[in-house]
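Remarks on the structure that follows.
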Amino acid sequence: MGRFFGNLKVRPKLMILHNLFFAILAASVYLALYPNVGPKAALSLIVVLGTIYVLAVLVLEVAIMPLYVYRPLSLMLNADRATQQGDRDHEMIDARLILGDEIGQIMSSRNATILQLRRHEDALEDALRKLEAQDRLVSLGLLAAGVAHELNTPLAVLQGSVEKLVETNSDPATQERLQRMLRVTQQLRKISEGLVDFARVRKQVTEPVPMRPLIDEAWALVGIDEKASEAKFLNSVAADHIASGNPDRLIQVFVNLLRNALYAVQRGGMIEVNSKKFVRNGQPWISVKVMDDGPGIPAEVLPDIFEAFVSTRLDARGTGLGLTVAEGIIHQHGGTISATNRPTGGACLIVSLPANPG
Ligand SMILES: Nc1ncnc2c1ncn2[C@@H]1O[C@H](COP(=O)(O)OP(=O)(O)OP(=O)(O)O)[C@@H](O)[C@H]1O
Ligand SMILES: [Mg+2]
């Protein structure tokens, strides 16, 4: 009971009012009856009236007021205190304790207001977090564009020199090497141009992107690493799964994912990519899964895996930017990317992109 009335100052005031009211009533009755019926009868009547009055007050104070006034008020006070202290677990009034009267309506309305307030607060916090992430990406984009600008000239010189060598050299083994160098140099230029796009300096060009050949091309670029020749790679992407986007940018995403998978697996490990069509908000989408049978993503990395500089490979020349860039590119395409570990072990990265409507 003390819990319900602990802080209430209503009861003492009511008691003073009751007593005052009774004293006035008794005095009026005594004075009105005394001249006609004599002091004895007047006194008896006052005793009878007093008994009825005490009983009424008892019923009021023991049964009615606690249930309909003191307890609801106390519940509201406790809930308000919890709200002020930011104690979300106790700030809502238990709906089972709310009665159907006017005080109950005030309590329900208060609960609804608090709920709405918390919802707005959560949305605001979420928006702030997104804004911070955007801010970081913008800084990263500026840095990327600056680096790209510096890289473009030496890369153009390198590509020109390799092209010259391709023209003048006829040895087949050297030609093969030179062709590979040329492919890599071209990819470097594309990446460098992509970095400028990352900073959103240039407008994105969107076209239908068949995913299966894109994955093959990405693997060919990752395949420059000698570990790739030992890995078992399986491209199970359906031939008719065509996304909508920029192929040069999307290839960068899958190069990052496949390279991560290749680093993760043991020699001779397995990397598989498959795809699925699905409908999101009434529109066709394609999701592409990159799976490996490595040790999986470390638990401490998983929640922040798309944050910049989050890496377990900082000592092995990793920068922790691969997935940040990948996420940036996928978001620019209006898509989503997520990371999980497979129940059977190994990592699973899922990229979802709007399908080509054609
Ligand atoms: N397939 C995977 N298996 C296990 N861990 C992974 C996998 N892919 C990513 N990770 C974890 O996520 C971290 C972040 O990956 P991310 O590609 O962003 O950076 P990085 O590979 O460390 O460096 P960078 O790609 O910049 O060279 C990795 O360091 C690794 O711990
Ligand atoms: Mg990486």
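Criterion applied to Leu257, Leu262 was being modelled with pLDDT of 90 or more, assigned to a helix (DSSP H, G or I) and surrounded by fewer than 22 Cβ atoms within 10 Å (Cβ to Cβ), and the one residue passing it is Leu262. Within segment 116-129, residues that are closer than 17 Å to Gly86 by Cβ have Cβ atoms under 8 Å from residues that are not in a helix (DSSP H, G or I) in these pairs: Arg118/Arg88, counting only partners at least 6 apart in sequence or on another chain. Of all residues in segment 65-102, which are exposed (fewer than 11 other Cβ atoms within 10 Å of the Cβ) and either assigned to a helix (DSSP H, G or I) or more than 28 Å from the chain's Cα centre (by Cα) (or both)? Gln84, Ala95, Arg96, Gly100, Glu102, listed by residue number. Taking the listed residues Phe233, Phe254, the one that is within 29 Å of the chain's Cα centre (by Cα), in the same structural domain as Ala339 (by TED's automatic domain parsing) and of a type in the set (Phe, Trp, Tyr) is Phe254, with no other qualifying. Entry remark, segment 313-358: residues being within 16 Å of ligand 2 (Cβ to nearest atom), at pLDDT 90 or above and assigned to a loop (DSSP other than H, G, I, E, B) number 1 in total. Across segment 288-304, the number of residues qualifying as surrounded by 13 or more Cβ atoms within 10 Å (Cβ to Cβ) and assigned to a loop (DSSP other than H, G, I, E, B) comes to 6.
When only residues in segment 99-110 that are of a type outside the set (Gly, Ala, Ser) and touching a residue at least 24 places away in the same chain (Cβ under 8 Å) count, which is nearest to Ala326 (Cα to Cα)? Top of the filtered list is Arg110. Filtering Gly346, Gly328, Gly335, Gly322 for residues that are in the same structural domain as Tyr263 (by TED's automatic domain parsing), surrounded by 16 or more Cβ atoms within 10 Å (Cβ to Cβ) and on the phi > 0 side of the Ramachandran plot leaves a single hit, Gly346.
Scan segment 277-298 and tell me whether some residue there is near ligand 1 (Cβ under 8 Å from one of its atoms), of a type in the set (Asp, Glu) and touching a helix residue (DSSP H, G or I) at 6+ places or on another chain (Cβ under 8 Å). Yes, because at least one residue in segment 277-298 is near ligand 1 (Cβ under 8 Å from one of its atoms), of a type in the set (Asp, Glu) and touching a helix residue (DSSP H, G or I) at 6+ places or on another chain (Cβ under 8 Å).
The values are calculated or read from the model by the stated rules, or taken from the named source; none is laboratory data. Bear in mind that the values here come from a model prediction, so they are computed numbers and not experimental data. Using ideal geometry, Cβ is built from the backbone for each residue, glycine included, and neighbour counts are taken over all protein chains shown.
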